[in-house]
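The values are calculated or read from the model by the stated rules, or taken from the named source; none is laboratory data. Keep in mind it's a predicted model, so treat the numbers as computed, not measured. As a convention, Cβ positions derive from the backbone with ideal geometry for all residues, glycine included, and neighbour counts pool all protein chains shown.
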Amino acid sequence: MIALAEILRRHGAEYRARFENRMPLDQLRVMQAITACRTPALGGHRWHCPTCGEDRFSYHSCGNRHCPACGHDDAQLWLNRQQALLLPVTYHLCTFTVPAALRRPIRAHPREALAILFQTASSSLLDLCANPQWFGALPGVSGVLHTWTRLLEYHPHIHFLVTGGGEMPDGSWKTPSTSFLVPVHALSAVFRARFRDALRKTLPAVFATIAPETWRRDWVVHVKPVGGGEKALLYLSRYIYRVALANRHILAADSRAIRFRYRRSEDGQSRVASLTPLEFLRRFLQHVLPSRFVKVRHFGLHHPARRSTLRLMRAALYLKLKQPIPIPPPPPEPSPCLCPQCRAPMIIAQRLAPLRYTSARGPPP
């Protein structure tokens, strides 16, 4: 398997030499972190087998949220926590996207523009759900930001997992009277108007560059039921602690091209794309988020301040259905490190200190 880290080690210096003056510091830090991932630069351990005398070295992971080699355990823990809060109702997956004319301005101002995307999409969804004409209750809403297509092009959108029901002002639970959550056309119009007003207020210079017809055309908002929510949560969890693609999707890499596998949205068929190394790195790095930007946010009954209410609602719904409340399994115990030669448990014989480096703009360790 070819890792993204290896591609960065081969071509990162050339990419920085061409584009470093135009690269945000966050992208340089991500390049440095992934390049150093699971190498002596980050330190590690020397494991020793007391049975056969075999020695093995293991090096620390970078832990960067954009690294495809890290975050699997964290993603599983996040998935377990969210599954433990699932209600016995039908969930809906709501996806908010923006027109192509807004993608470049958002990419140029990600911290402000992506925050606007989160705020306007979530408030539009919650307010329409609270409207007695449609729903009239407060649902649980969890949003996950994605910025990529399967070909790694820039396409910011947010997936919201929404409970099919919500809390009434008197504290009771209400289920929608129809199979759909809220009318999509009304949701799209409210979202478009609020995004326009927020962008004009927050980034007036950027707003002035947007063509007026962008605010008159229909915006794509998609809502569909997804059953009990387990499969939707599994899909969202895959990209909580990494970005765009996994290492297993990279098929080949040389000085001329990077080939990776992707699945077409139109027919679900697997295809292979080929990009030059620098274009591949450009497409990957454009999805690096600003430092400390929160890409997973919870609203309504899913807000952290409402978790106690959510648990009470969950217990009441299961009681009404006369079903036992599911108890999540305990987290798995860490497996011991076994000797690859004799399969006996190994022990840590030496701790390896990380190498010291200070600047993200310097050469990678």
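Quick check: anything in the stretch 35-44 more than 30 Å from L338 (Cβ to Cβ) and either hydrophobic (A, V, I, L, M, F, W, C) or surrounded by fewer than 19 Cβ atoms within 10 Å (Cβ to Cβ) (or both)? Full working, then the answer.
Residues of the stretch 35-44 more than 30 Å from L338 (Cβ to Cβ): none.
Within the stretch 35-44, none of the residues are more than 30 Å from L338 (Cβ to Cβ) and either hydrophobic (A, V, I, L, M, F, W, C) or surrounded by fewer than 19 Cβ atoms within 10 Å (Cβ to Cβ) (or both).
Out of all the residues in the stretch 42-49, is one or more among the basic types (K, R) and within 19 Å of the chain's Cα centre (by Cα)? Let's see the steps before the verdict.
As a first pass, look at the stretch 42-49 and keep what is among the basic types (K, R): 46.
Narrowing the set further to residues that are within 19 Å of the chain's Cα centre (by Cα) leaves none.
Looking through the stretch 42-49, none of the residues is among the basic types (K, R) and within 19 Å of the chain's Cα centre (by Cα).
Of the residues L310, L301, which is of a type in the set (A, V, I, L, M), assigned by TED's automatic domain parsing to the domain that holds L138 and touching a Pro at 6+ places or on another chain (Cβ under 9 Å)? Talk me through it step by step, then tell me what you get.
Numbers: L310 fails: touching a Pro at 6+ places or on another chain (Cβ under 9 Å).
On inspection, the qualifying residue turns out to be L301.
For the stretch 158-190, which positions are more than 18 Å from S122 (Cβ to Cβ) and of a type in the set (S, T, Y)?
S172, T175, S177, T178, S179
I'd like to verify a number: residues in the stretch 151-185 that are not in a loop (DSSP other than H, G, I, E, B) and not charged (D, E, K, R), how many? Don't jump to the end; show me each part of the working.
Of all residues in the stretch 151-185, those not in a loop (DSSP other than H, G, I, E, B) come to 154-163, 166-167, 173-174, 184-185.
Checking which are not charged (D, E, K, R) leaves us with 154-163, 166, 173, 184-185.
Result for the stretch 151-185: 14.
State which residue is modelled with the lowest pLDDT when the search covers only the stretch 211-251 and only residues that are in contact with a helix residue (DSSP H, G or I) (Cβ under 9 Å, 6 or more places away or on another chain) and at positive phi.
A244
Tell me, please, whether a residue that is surrounded by 17 or more Cβ atoms within 10 Å (Cβ to Cβ), of a type outside the set (S, T, N, Q) and either outside any loop (DSSP other than H, G, I, E, B) or without any contact (Cβ under 8 Å) to a residue 24 or more places away in the chain (or both) can be found in the stretch 315-330.
yes
Could you tell me whether the stretch 91-103 includes any residue that is under 30 Å from L199 (Cβ atoms), out of contact with any strand residue (DSSP E or B) (no Cβ under 7 Å at 6 or more places or on another chain), crowded, with 18+ Cβ neighbours inside 10 Å and in the same structural domain as I210 (by TED's automatic domain parsing)?
Yes, the stretch 91-103 contains at least one residue that is under 30 Å from L199 (Cβ atoms), out of contact with any strand residue (DSSP E or B) (no Cβ under 7 Å at 6 or more places or on another chain), crowded, with 18+ Cβ neighbours inside 10 Å and in the same structural domain as I210 (by TED's automatic domain parsing).
Which numbered condition trips up W78, out of (1) under 30 Å from Q323 (Cβ atoms); (2) in contact with a Phe, Trp or Tyr (Cβ under 6 Å, 6 or more places away or on another chain)?
(2)
Does the stretch 63-76 contain any residue that is touching a helix residue (DSSP H, G or I) at 6+ places or on another chain (Cβ under 9 Å) and under 23 Å from A349 (Cβ atoms)?
no
Return the residues of the stretch 252-274 that are in contact with a helix residue (DSSP H, G or I) (Cβ under 7 Å, 6 or more places away or on another chain) and among the charged types (D, E, K, R); say none if nothing qualifies.
R261
Only one residue in R81, R65 is under 21 Å from the mean Cα position of the chain (by Cα), crowded, with 18+ Cβ neighbours inside 10 Å and among the basic types (K, R), so which one is that? Before the answer, list the steps.
Details: R81 fails: crowded, with 18+ Cβ neighbours inside 10 Å.
The match here is R65.
Test of understanding: among R200, R196, R216, which residue is of a type in the set (K, R) and surrounded by 15 or more Cβ atoms within 10 Å (Cβ to Cβ)? Please lay out each step first, then the result.
Working: R200 fails: surrounded by 15 or more Cβ atoms within 10 Å (Cβ to Cβ); R216 fails: surrounded by 15 or more Cβ atoms within 10 Å (Cβ to Cβ).
The match here is R196.
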